[in-house]
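The next block holds one structure in the form of structure tokens; read it before the comments.
Values in this text are rule-based calculations from the coordinates and carry no lab data. Bear in mind the structure is a predicted one, so any value in this text is a computation, not a measurement. All Cβ positions, glycine included, derive from the backbone under ideal geometry; neighbour counts span all protein chains shown.
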Amino acid sequence: MRQAGRYLPEYRASRAQAGDFMSLCMNPEFACEVTMQPLDRYPQLDAAILFSDILTIPDAMGQGLYFETGEGPRFKKVVSTLADIEALPIPDPHKDLGYVMDAVSTIRRELNGRVPLIGFSGSPWTLATYMVEGGSSKDFRKTKAMLYDNPQAMHLLLDKLVQSVTSYLNGQIMAGAQAVQIFDTWGGNLSAAAYQEFSLAYMKKIVSGLIRENDGRKVPVILFTKNGGLWLESIADAGADALGLDWTCDIGNARARVGDKVALQGNMDPTVLYAKPEAIRTEVGRILASYGKGSGHVFNLGHGITPEVDPEHAGAFLRAVHELSAQYHE
């Protein structure tokens, strides 16, 4: 996750050249450049991840995305009433988000079959939290107040986001993405009942509307809910091909719970990368042993790599995965 980012000096140089984060995202050549940087540095990587941001959709819906130094993403407009939601347009992926489609096709061309390309989007619930709060939040009080006070408004917002995310991901697939992932970063902050109704139900709708075969090949779909370990069985029944796990789950236990219904992607704690390479290798070995032999494990971090990580430690992580996983292949 977050292959390209501030932990890489070459990324920081590209961002400085572009001027700011959004300029980096909205320029297909720059987006391609920073997507390729981790692959050039780490030959052990088995896939490329599109460089973009989950908040491109709300921005295309007229929210006015910008970034405050030290505060993360913010929106010039917030959604607070049913009338606000009714006024939101459904973005056209080719017109309103054409820069992302151009980035996908540019990256796919540059990869030239080297590794597959993964596209992504935020989940409807996660996007809704940013749109209602106006940015990131610790308690989601505005979003949850709308959920409980005005469920009609929240359902309408989520319905519009389902339409937007589905067309956005299908656009990415047609432009060349060979797998897609839905990031439900904030679904784990909901109660069990609210998660089923306001997050998972809408991800299911997206999955059912996605193009599942393109260029004669299956297009895998990955669902990831951070802090979603309580609901793995429900998520595994949502129709996706793979289930992303954060680091709070034991991957062996997750495998026992979902069987071979889905592949499992994960799930090392990204902060392990602050440790010495020997400790990183030990933790990689522990996770591999927990999953055990057989296919269906895409080794990954349990969330995004953080800016202060030493690139050499990320390299040690990747080497350990390749070296230690061979004994589990069948």
Going by amide H atoms built from the backbone, whose H comes under 5 Å of the H on residue 265, apart from near neighbours?
243, 244, 245, 298
Starting from the eigenvalues of the Cα gyration tensor, five times each then square-rooted, give me the equivalent ellipsoid semi-axes of region 245-330, largest first, whole Å.
22, 14, 10
Name the residues of region 268-288 whose amide N is less than 11 Å from a point 7 angstrom out from the Cα of residue 328 along the C-beta direction?
268, 284-288
Return 202, 42 ranked ascending by Cβ neighbour count within 10 Å, so the fewest neighbours appear first.
42, 202
Karplus 3J(HN,Hα) series, Hz, for region 182-190 with 6.51 cos²θ - 1.76 cosθ + 1.60 (x for Gly, Pro):
9, 9, 9, 5, 10, x, x, 8, 8
By count of other Cβ within 10 Å, fewest leading, how are 204, 76 ordered?
76, 204
Span from the region 77-94 Cα centroid across to the region 306-320 one, whole angstrom:
40 Å
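Over all directions, how big on average is the projection of the convex hull of the alpha-carbon atoms in the chain, in square nanometres? Let's see the in-between values first.
Values: hull surface 62.4 nm².
Mean shadow area of the hull around the Cα atoms is 15.6 nm².
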Among 231, 265, 132, which residue has its Cα positioned farthest towards the positive end of the charge dipole of the chain, with +1 placed on the Cβ of Lys and Arg, -1 on the Cβ of Asp and Glu, and the dipole taken about the Cα centre?
231
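Rounded to the nearest 0.05, what FRET efficiency do residue 279 and residue 109 have when you use their Cβ-Cβ distance and R0 = 25 Å?
Details: r = 39 Å, r/R0 = 1.58.
Computed FRET efficiency for residue 279 and residue 109 comes out at 0.05.
Looking at this model, which pairs from 205/226; 77/205; 77/226; 95/160; 77/160; 95/144 are more than 21 angstrom apart at the alpha-carbon? Walk me through the numbers before you get to the answer.
Numbers: 205/226 19 Å; 77/205 27 Å; 77/226 26 Å; 95/160 17 Å; 77/160 17 Å; 95/144 32 Å.
Listed pairs above 21 Å: 77/205; 77/226; 95/144.
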Please rank 69, 106, 126, fewest neighbouring Cβ atoms within 10 Å first, as an exposure proxy.
69, 106, 126
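Roughly how many debye, to the nearest 20, is the charge dipole of the chain about its Cα centre, given +1 on each Lys and Arg Cβ, -1 on each Asp and Glu Cβ, and no other charges?
Values: 31 positive and 38 negative charges, 52 e Å.
For this selection, approximately 260 debye.
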When DSSP assigns beta bridges and you keep just the ones with both residues in the chain, what percent turn out antiparallel, to the nearest 5?
25 percent
